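Values quoted throughout were computed directly from the atomic coordinates according to the rules given, and no laboratory measurement underlies them. Only a predicted model underlies this, so the values are computations on that prediction, with no experimental measurement involved. Please note: Cβ atoms are built from the backbone with ideal geometry, for glycine as well, and neighbour counts cover all protein chains shown.
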Amino acid sequence: MECPQEKRYTYEDTKKTADWLLSHTKHRPKVAIICGSGLGGLADLLKDQVVFDYTKIPNFSHSTVPGHAGKLVFGNLSGMSTVVMQGRFHMYEGYPLWKVTFPVRVFSLLGVETLIVTNAAGGLNPDYKVGDIMLIRDHINMPGFAGVNPLSGPNDDRFGARFPAMSDAYDPDLRKLARTVAKEMGCAGCLREGVYCALGGPNYETIAECRFLQRLGADAVGMSTAPEVLVARHCGMRTFGFSLITNKSVLDYESKEKANHAEVLEASRQSARTLEKLVSLMVQRIEHNNNLA
Ligand code: HPA
């Protein structure tokens, strides 16, 4: 039986997809944004859109999750040429990590220099409320502890080095910019900064798991993001991201609360506009500080 982690797209496969996209659009994006559950509305802010359904792009996987539209949208966001993934791929859909992260390598070959990731997450930090936006300071990649890592297997130096550092995975300058922009928008009160813990999903966590993750230093938990960030850093892109806190993790055996996807999508809908505005203002500022992008 084929081991799905062993086969992977080559540099040439990745280049073929990048060249196909470049031949179908005049956009030359410097910024890529991956939208989490219910957060794809960001793509609607793009001007001069060129839209590709994932099913039409060579080598792309397909979105199977409600709240993930499965479209790649090129356009100008606040004047900056940008590409937006309306929907990402997840391990829990059955995709191996080399498929989950393939778009990131394609973005790198398109010339993208900055990757912004968003996700929906459960709040482990007791101070967090539903609707809070957490600036990701760092992540804990739980599948990686068991060797499930998109960078495992033969390394192609054309993408990046065998042993990439991750101590600066979430760019400190961009985090600072996010705090400044949030203050200017008057929403500094809903902006948190913390550690995102990535699990494989698809089930939500048990109470014992939530307590364990909280003690490990995680502030929020979700089922994505870390693989894409690992691959983006491997190919030298600057990365940073936001978690939208869509539910409070259940930490108490007396609680009657239960996480569910409908609740996650509803909470995303309510705070998504704030997050979209924050990201688009940041992208504008990245352009203005053009030494940042
Ligand atoms: N756990 C994992 N993933 C999630 C959650 C959660 O509580 N909320 C949204 N995505």
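Dividing the C-alpha radius of gyration of the chain by 2.2 N^0.38 Å, with N its residue count, gives 0.94. Remark: relative contact order (the range 104-235) = 45 percent; criterion is Cα-Cα distance under 8 angstrom and separation of 6 or more residues.
With a ≥ b ≥ c the root eigenvalues of the C-alpha gyration tensor of the range 76-161, is it rounded (a/c under 1.5), prolate (a/b larger than b/c) or oblate? Oblate, since a/c reaches 1.5 and b/c is not below a/b. Compute the signed sum of charges (Lys and Arg +1, Asp and Glu -1) over the other residues within less than 10 Å, Cβ to Cβ, of Tyr128. Once positives and negatives cancel, what remains is 0. With a point put 7 Å past each Cα toward its Cβ, work out how far Glu257 is from His24 in nm, to one decimal. Inter-label distance under the simple model: 4.2 nm.
Most simply put, the chain has about 35% antiparallel DSSP beta bridges, counting only bridges with both residues inside it. Counted residue by residue at 0.36 nm each, then reduced by the alpha carbon distance between them, the extension gain from Asn59 to Gln270 reaches 72.6 nm. In this structure, the amide hydrogen of Cys197, modeled 1.01 Å from its nitrogen in the peptide plane, lies closer than 5 angstrom to those of Ile140, Asp219, Ala220, Val221, Gly222, counting only residues at least 5 positions away or on a different chain. When the square roots of the Cα gyration tensor eigenvalues are ordered a ≥ b ≥ c, the ratio a/c for the range 125-206 is 1.5 or more and a/b does not exceed b/c, which makes its shape oblate.
Residue by residue, the range 238-253 carries 3J(HN,Hα) couplings of 7, 10, 7, x, 10, 10, 9, 7, 9, 7, 8, 4, 7, 10, 10, 5 Hz when phi is fed to the Karplus relation 6.51 cos²θ - 1.76 cosθ + 1.60 (θ = phi - 60°); x denotes Gly or Pro.
Measuring against 26 Å, Cα to Cα, the residue pairs Lys30/Lys248; Lys176/Lys256; Lys26/Lys56; Lys7/Lys47 contain Lys30/Lys248; Lys176/Lys256; Lys7/Lys47 as the ones spanning a longer distance.
Hey, rough spin-label estimate for Asp168 and Asn203, points 7 angstrom out along Cα→Cβ, what's it come to in nanometres? Roughly 4.1 nm, to one decimal.
What does the charge add up to near Leu216, with Lys and Arg as +1, Asp and Glu as -1, over the other residues with Cβ less than 15 Å from its Cβ? Residues near Leu216 contribute -1 overall. Across Val83, Val104, Val50, mean-square fluctuation computed from a Gaussian network of the chain (C-alpha pairs under 10 Å connected) peaks at Val50.
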